[in-house]
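Beneath this line is the structure, given in structure tokens, with notes to follow.
The values are calculated or read from the model by the stated rules, or taken from the named source; none is laboratory data. These numbers were taken from a predicted model, which means no experiment stands behind them. With ideal geometry, Cβ positions are generated from the backbone for all residues, glycine too; neighbour counts draw on all protein chains shown. Surface accessibility is based on the protein's heavy atoms, side chains included, excluding ligands, DNA and RNA. Shrake-Rupley method; radii C 1.70, N 1.55, O 1.52, S 1.80 Å.
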Protein chains: 2
Amino acid sequence: MSQHRHPGASGHTGAVPALPDLPEATVARLPEYLRALHNLAETGHDTVSSEALATAAGVNSAKLRKDLSHLGSYGTRGVGYDVALLIDQIEYVLGLTQRRAVALVGVGNLGHALAGYAGFVSRGFRIAALFDADESRVGEEINGLVVRHIDDLATIAAQEAIAIGVIATPAPAAQSVADRLVAVGVTSILNFAPCVLSVPDGVDVRKVDLAIELQILSFHEHRKASLTGIPASGPAAGLTALPGGLAATGTQEAVGS
Amino acid sequence: MSQHRHPGASGHTGAVPALPDLPEATVARLPEYLRALHNLAETGHDTVSSEALATAAGVNSAKLRKDLSHLGSYGTRGVGYDVALLIDQIEYVLGLTQRRAVALVGVGNLGHALAGYAGFVSRGFRIAALFDADESRVGEEINGLVVRHIDDLATIAAQEAIAIGVIATPAPAAQSVADRLVAVGVTSILNFAPCVLSVPDGVDVRKVDLAIELQILSFHEHRKASLTGIPASGPAAGLTALPGGLAATGTQEAVGS
DNA sequence: TAGATTGTTAATCGATTAACAATC
DNA sequence: TAGATTGTTAATCGATTAACAATC
């Protein structure tokens, strides 16, 4: 991840070049492009067309070009995009030129797994501290890190310059944990607890609710069953031919592998 | 979860009433309303206004009323919504009147945690089978279920009427697992592997990528730092006052707790 | 030059929101 | 009836998409 001067920085007065005001939908797709680009780089490609990159990222090429156009113009007409340059660009925009420190709160079932998740480390982050409110878990070592008591959050947050807090506690504890994270200056929270968090302006919260994902899929199962006229309780309904046009959930489109 | 006849079922000819054609954005919010309604029911409320329910679900009331209007009219003007009735309604639409069987493939770090995740069971699902390709993991018992070899998928899928497949394998294995799931009739897949899956029309895929969530937060951290003129590497930037209008990420809005 | 592919335009589509008439 | 709150309308906003001029 080399530092890369941002080209959209015009006559801005701040000490740091302002980032382009990217649409949220674009921001959410940039990490997917980045992942696809790393795959391409590893397989020896140094140039890629919008069509090929779009396929690898599971979007259509018009959307990809539109998204990239918000970053500035980094393609070459008639040729495509330089893979290494585009990686640098996207990593710069996403703020991945520094490895951000993550604090994980709640080392139960899910928290344990997250603490050991290699993808966090390989994609730009550093798990800097683990916390729990349960004394019986404090002191346990997970993946080379010792679990601290949540009361030590302030001390450790200052030491480690925590940029992002991850909440993996039960729902009833989550708001209190969020309040503590905000109090020590954390302005980005990833919440795995199934509840709504109340935070001040300027704090970003993203929520991942595993049961909700299944419930959304359940709706589509139910809908497919009702369309084919097969009773919703019938087994093996999935083997029946379906009318087209149902595949897209807004999450992924079918693409050639 | 009582069976509830769907009111939007007009003169449809199929054996099962057709579901209303809900906007995807609405479908994605219904589970959040359902969770909030269950909380309300548990705390003794039998009626709720759109304003109160919206707050509990982290959306504004206009959006909530609009969403619910797609299901039909279940509120009473001047009074609000009947909590129990609305729970039945939403559970019906989401297809949660039956407990759907889930097959989980990949019992590594994350898969282990998912296999023990209580939220799946408490919110309408049944983990019916665990699979792995690694012989050393086959036979292990997790949460009362024995891990089977992925080659046994066809046999067990037929026995258990698997409705949803969850992929928690490393990325290189995910496409092959998806192909196998589709081959045995699974038409809904939740993918935790960081890669794009190629599936036929009629198969729904939702993707959860934990690193992508952090990268989106990283973008906003980077952006906040650039706006305040504080170098992106400076610690404790979060304690600085920020210009307003930055809180919403499209994922959650600030609400009173 | 001819072929390929980007970056941009403009049309379309879907989602959000405020306001308020309907109505309990 | 008066007050409260829904369901719907219409305006606005943001995202998607196809098409193609620009240009390598």
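Each of B:Thr155 and B:Ala84 was given a label point 7 Å from its Cα along the Cα-to-Cβ line. The distance between the two points is 4.6 nm. Shielding of peptide B:122-128 by partners, expressed as the average count of other chain Cβ atoms within 10 Å per residue Cβ, is 3. The simple Förster model, with R0 at 30 Å and r as the Cβ-Cβ distance, assigns B:His38 and B:Asp179 a FRET efficiency of 0.25.
Normalised by the number of residues in the stretch A:100-210, the average gap of Cα pairs under 8 Å and 6 or more apart makes the relative contact order 25 percent. Apply 1/(1 + (r/R0)^6) to the Cβ-Cβ distance of A:His45 and B:Val121, taking R0 = 35 Å, and write down the FRET efficiency to the nearest 0.05. For R0 = 35 Å, the calculated efficiency reads 0.20. The label point for B:His70 and the one for A:Ala133, both projected 7 Å from the Cα toward the Cβ, are 3.5 nm apart. Between the stretch B:149-190 and the stretch A:82-101, what's the alpha-carbon centroid distance in Å? Comparing the Cα centres of the stretch B:149-190 and the stretch A:82-101, I get a distance of 35 Å. Residues B:Thr187, A:Thr76, A:Thr97, ordered by accessible area of protein heavy atoms at a 1.4 angstrom probe radius and largest first, appear as A:Thr76, A:Thr97, B:Thr187. With its label point put 7 Å out from Cα toward Cβ, A:Asp82 sits 6.7 nm from the same residue's point in the other copies, in order from shortest. Close amide H partners of B:Leu22, meaning residues 5 or more places away or on another chain with modelled amide H under 5 Å apart, do not exist here. Label point of B:Gly144 (7 Å along Cα→beta-carbon): distances to the other copies' equivalent points are 3.8 nm, sorted ascending.
Packing around the peptides A:101-107, A:50-56, taken as the average count of other Cβ atoms within 10 Å per residue, puts them in this order, highest first: A:101-107, A:50-56. Mean per-residue shielding of peptide B:21-33 is 4, counting Cβ atoms of other chains within 10 Å of each Cβ. Our coupling estimate for the stretch B:19-25, obtained by passing each phi through the Karplus curve with A = 6.51, B = -1.76, C = 1.60 and θ = phi - 60°, is 7, x, 7, 6, x, 4, 5 Hz, Gly and Pro reported as x.
Averaged across the residues of A:108-120, what count of C-beta atoms belonging to other chains lies within 10 Å of each residue's C-beta? Display every interim value, and only then the final one.
Details: counts 3, 9, 7, 1, 5, 11, 4, 1, 5, 5, 4, 12, 3.
Mean shielding count: 5.
The residue in chain B that lies nearest, by its beta carbon, to the axis linking chain B with chain A is given here with the distance in whole angstrom as B:Ala113, 2.
Measuring nothing but label to label, 7 Å from Cα along Cα→Cβ, what are A:Ala161's distances to the other copies in nm, shortest first? Sorted ascending, the copy-to-copy spacings read 5.7 nm.
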